[in-house]
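Structure first, then comments.
The values are calculated or read from the model by the stated rules, or taken from the named source; none is laboratory data. In this text the structure is predicted, and so the values were computed from the model without any measurement. Cβ placement follows ideal geometry from the backbone for every residue including glycine, while neighbour counts extend to all protein chains displayed. Keep in mind that these areas ignore ligands, DNA and RNA; they rest on the heavy atoms of the full protein, side chains included. Shrake-Rupley method; radii C 1.70, N 1.55, O 1.52, S 1.80 Å.
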Amino acid sequence: MRIDLLAGASYNPAVMPSPVPTILVFDSGLGGLTVFSEVLKARPDARFVYAGDDAGFPYGRLSQEALTARVLAVMERLIGLYDPQLVVIACNTASTAVLPPLRERFSVPFVGTVPAIKPAALATKTGYVTVLATPGTVARDYTRDLIDTYAGGCRVNLVGSRRLAGFAEAELAGNPVSDAELLDELLPCFVEGEGGRTDVVALSCTHYPLLLPRFQKLAPWPVTWIDPAPAIARRVTQLIGPPVPGHEADENEAIAVFTSGAGITSAFREALTAKGLPAVLIEDMPLLQG
Ligand code: DGL
């Protein structure tokens, strides 16, 4: 079932041909907004569909099999509806599990978001690097392979937080959690050893940069925080090119789509509008778990 929360929010690409691409940015919830903002800066002329599978949130708790089935099903629906020229999987938890099956199933190009382990290994001076992600992402072979390939000389501290993605959603919805709760999740990132202490934290869940100002305030010592969003935006323009001259950004051409919409409050709507997504639709797709 499809429900328009804002009149005129949908469009049909079949009757609105345009030289500018439609870019679908996908996450389990609001975390992908951190990537969306950067991609929007790189291609302000493009049509954007921001899709949050809030019915499936949080992805970090799903098994690889359940997550793969879920993302394929949601993507089938979204690609059928919006016919994008490019899909950005703005979710580490999904990208580290589902990119190969997505590429096998659909012909549209996918840009994934995976833990920024190579940049972290290049940035560290002490060799103590933390990868802060979801429990799903830290458990993936994909993540272990990135560490083996790019961070062999580093002491990599993998931290899989069960609660931070939800805290980021709450922050954006106007219900921030306390400093004490946030610090409980953050402190495992900070390690001190004989040779030094953590100096780089790779934010490996797209929700976490939403909490960055609070992380910076609460951190027991200063570190370099790596947010992969600018690199994702560069990859998008590599694949589909720079903005088309003469095509101005049009906020009516950016829409947000959610698979449940259950948590959409007025603060949430305001946050979306502030991010350039005033139009919201619901594609009702309950998560059926066996
Ligand atoms: N934003 C997602 C990521 O980058 C995960 C949040 C979730 O657990 O759903 O990993």
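The calculated pair-distance distribution of the range 98-255 uses every alpha carbon pair, bins of 5 angstrom beginning at 0, and gives 2, 8, 15, 18, 18, 14, 11, 8, 4, 1, 0, 0 percent. Surface analysis of the chain yields an accessible area of 43 Å² per residue, using protein heavy atoms and a 1.4 Å probe.
Highest mean packing first, where packing is the average number of other Cβ atoms within 10 Å per residue, the peptides 200-207, 124-131 line up as 200-207, 124-131.
Using all Cα-Cα distances in the chain, what percent lands in each 5 angstrom bin from 0 up to the longest? Reading upward from the zero bin: 1, 5, 13, 17, 19, 17, 13, 8, 5, 2, 1, 0, 0. Counting alpha carbon pairs within less than 8 Å and at least 6 residues apart, what relative contact order, in whole percent, applies to the chain? Normalised by residue count, the contact order of the chain is 28 percent. Convex hull of alpha carbon positions in the range 127-183: directionally averaged projected area 4.6 nm². The angle separating the long axis of helix 33-42 from the principal Cα axis of greatest extent in the chain is about 70 degrees. Axis of helix 64-82 versus longest Cα principal axis of the chain: the two differ by about 30°, to the nearest ten degrees.
If you stretched the chain out fully between V244 and T224, how much longer would it get, using 0.36 nm times the residue separation minus the C-alpha to C-alpha distance?
Value of the extension gain: 3.7 nm.
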